[in-house]
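Have a look at the structure below, then the notes.
What follows draws every value from the coordinates through simple rules; no lab data is involved. Keep in mind it's a predicted model, so treat the numbers as computed, not measured. Using ideal geometry, Cβ is built from the backbone for each residue, glycine included, and neighbour counts are taken over all protein chains shown.
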Amino acid sequence: MTFWRRLWKQKHIIMASTSDPGDLMHVRIKQVMDHYGLQQQAFAMKLGVSPATISSIYNGRTKPTNNHVQAIHREFPEIN
């Protein structure tokens, strides 16, 4: 099974158990970073945000904004 297929299945399983999909964004971001082998600092540089921002999202302290999601899509257009 490909990474994207596993991610899609995990996303739908997790989304069924929560009412707020925004709560899951940090999980998806971790999966993307792991897939591409990126550390938080390198991921932040690719997106043009501070490493502290990625750290907060990665640890679930804050939710990514629409601008963060758009930056991820810009850098990784194959991700939906």
Inter-label distance, nm, simple model (7 Å from Cα along the C-beta direction), Gln41/Lys63 | 3.1
Cβ-based net charge around Val69, under 12 Å, with every Lys or Arg adding one and every Asp or Glu removing one | +2
